[in-house]
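The values are calculated or read from the model by the stated rules, or taken from the named source; none is laboratory data. Keep in mind that what you see is a predicted model, and the values were worked out from it rather than measured. With ideal geometry, Cβ positions are generated from the backbone for all residues, glycine too; neighbour counts draw on all protein chains shown. What goes into the accessible areas is simple: the full protein's heavy atoms, side chains included, and nothing from ligands, DNA or RNA. Shrake-Rupley method; radii C 1.70, N 1.55, O 1.52, S 1.80 Å.
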Amino acid sequence: MSTPRIPFNRTSLVGNELRYITEALEAGHISGDGRFTKKCHELLEKELGAAKVLLTTSCTHALEMAALLLDIQDGDEVIVPSFTFVSTVNAFVLRGARPRFCDSRADTLNLDELKIESLITARTRAIVPVHYAGVGCEMDRILAIANRFGIAVVEDNAHGLYGKFKGKYLGTFGSLATQSFHETKNFSCGEGGALLINDIRHFERAEILREKGTNRSRFFRGEVDKYTWVDLGSSFLPSDILAAFLYAQLEHREEIQSRRRRIWEYYNVNLAGWAKHHGARLPIVPECCEQSYHMFYLLLPSFEVREGLIAHLGARNILSVFHYLPLHMSEMGRRWGGEKSDCPVAAKVSDRLLRLPFYNDLTESDQDRVVSAVLDFTA
Ligand SMILES: Cc1ncc(COP(=O)(O)O)c(C=O)c1O
């Protein structure tokens with residue numbers, strides 16, 4: 001009999017997901033903004049302290065809403081990390097913006113705040129920090145730069161729900177922030193996201209953009225007697241079936257986060273000696289950050305060692321994966337003038353990073369199998 005496969009990621013039920021989906025069906029409201037969507041909004045607003053939260057169909061769509069809300073126009077510039085998912089950048093490029101790729105810090109792999117200022121021009125409209133692996137960017141410095149130049153900050157917090165920087169929740173620093181509830185995230189509903197609105201001046205328009213450019217939300221609240229087309233927009237609101245699933249997950253946030261913390265610490269403790277011996281390094285979490293325990297990665301000494309370890313784990317039926325390919329070197333990035341030498345840290349890290357299996361119901365025995373397999377690997 002072959003050894004059972006350990007996937008990289010897997011979604012699991014933690015509580016009332018199926019019951020709440022049934023309740024949404026029985027209530028006869030499975031389109032957007034039903035009872036469970038409102039419950040998710042209230043829970044996140046109350047807990048995080050964001051002025052308003054709106055669930056969206058994905059983090060990608062929340063980012064697209066942010067670009068619309070900031071009224072990004074042709075020829076505007078946005079400062080984005082190169083080491084990120086394509087949506088961080090695409091959302092702004094879709095509005096005609098030119099991306100200015102910023103390199104990463106060598107420790108947290110986050111946007112290097114010391115390199116931001118040299119990228120600012122008269123056309124810069126936004127800085128988009130990504131809290132990689134749910135470890136906070138240097139938000140004090142990023143906000144100070146943004147305020148000095150009058151530039152907006154949009155946090156892409158796809159990985160970082162419930163992480164903190166200096167005691168404050170990630171996603172509550174920028175005027176806008178985005179979350180992902182894709183199946184790979186700590187809390188999921190398959191595909192989903194949220195826009196966190198910290199600057200309340202964006203709220204009224206955000207509701208309109210999310211409802212196809214209409215004032216339908218105001219109509220449902222009885223504030224206008226009919227609804228009509230008032231602005232740009234699209235269909236950015238998820239079905240209440242997805243919100244029902246997500247709400248059940250959010251109800252178990254403490255349990256989910258403490259399970260993930262145990263998994264992360266187990267890898268960290270048990271792989272430290274091996275990493276030191278093999279010239280690899282484990283994630284670095286600065287003292288001022290409480291991470292969200294989203295992922296566990298190894299930074300290996302070279303591309304060849306990384307590929308060797310992926311194959312070694314694969315032969316033991318364990319799936320490990322690389323992560324972002326630097327956007328400044330992608331086909332699209334090169335069209336915007338990206339050169340390999342622009343972001344050397346991002347280029348180097350991308351070749352050497354490997355993510356280990358990490359999901360809410362990863363069992364101790366499966367995690368032991370992963371750890372033992374890594375310890376058996378000699379480059
Ligand atoms: C940093 C970052 N931003 C945005 C996204 C897009 O999230 P979604 O799949 O919810 O659109 C991802 C996806 O994993 C991501 O890693």
* Ordering of 10-23, 281-294 by packing [mean C-beta count within 10 Å, highest first] -> 281-294, 10-23
* Take the chain, compute every pairwise Cα distance, and split them into 20 Å bins from 0; I just need the percent in each bin. => 28, 56, 15, 0
* Antiparallel as a % of all DSSP beta bridges within the chain, to the nearest 5? -> 60
* To do: Can you give me the P(r) profile for the stretch 175-308? Cα pairs, bins 5 angstrom wide beginning at 0, each as a whole percent.
  => 2, 8, 12, 14, 14, 13, 10, 9, 7, 5, 3, 2, 1, 0, 0
* Asked: With every protein chain kept in the model, how would you rank Glu331, Glu183 by accessible area, 1.4 Å probe, largest at the top?
  -> Glu331, Glu183
* Asked: So how do 80-90, 109-119 stack up, highest first, on mean other-Cβ count within 10 Å?
  -> 80-90, 109-119
* Structure fact -> Of every Cα-Cα pair in the stretch 221-275, the percentage lying beyond 19 Å is 64
* Can you pull a Stokes-Einstein diffusion coefficient for the stretch 271-310 at 10 °C (1.306 mPa s), Rh from Kirkwood over Cα pairs, as a whole number of µm²/s? => 139
* Structure fact -> Of every hundred units of 1.4 Å-probe accessible area on the chain, the number belonging to carbon and sulfur atoms, as a percent, is 52
* Structure fact -> accessible surface per residue for the chain, probe 1.4 Å, DNA/RNA/ligands not counted, whole Å² -> 43
* Asked: Among 40-50, 153-163, 124-134, how do they line up from the highest to the lowest mean number of other beta-carbon atoms within 10 Å?
  -> 153-163, 124-134, 40-50
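Going through the cross-link list Lys115/Lys166; Lys276/Lys348; Lys39/Lys164; Lys166/Lys212; Lys164/Lys276; Lys168/Lys340, which pairs have a Cα-Cα distance over 30 Å in this structure?
Beyond 30 Å between Cα atoms: Lys166/Lys212; Lys168/Lys340.
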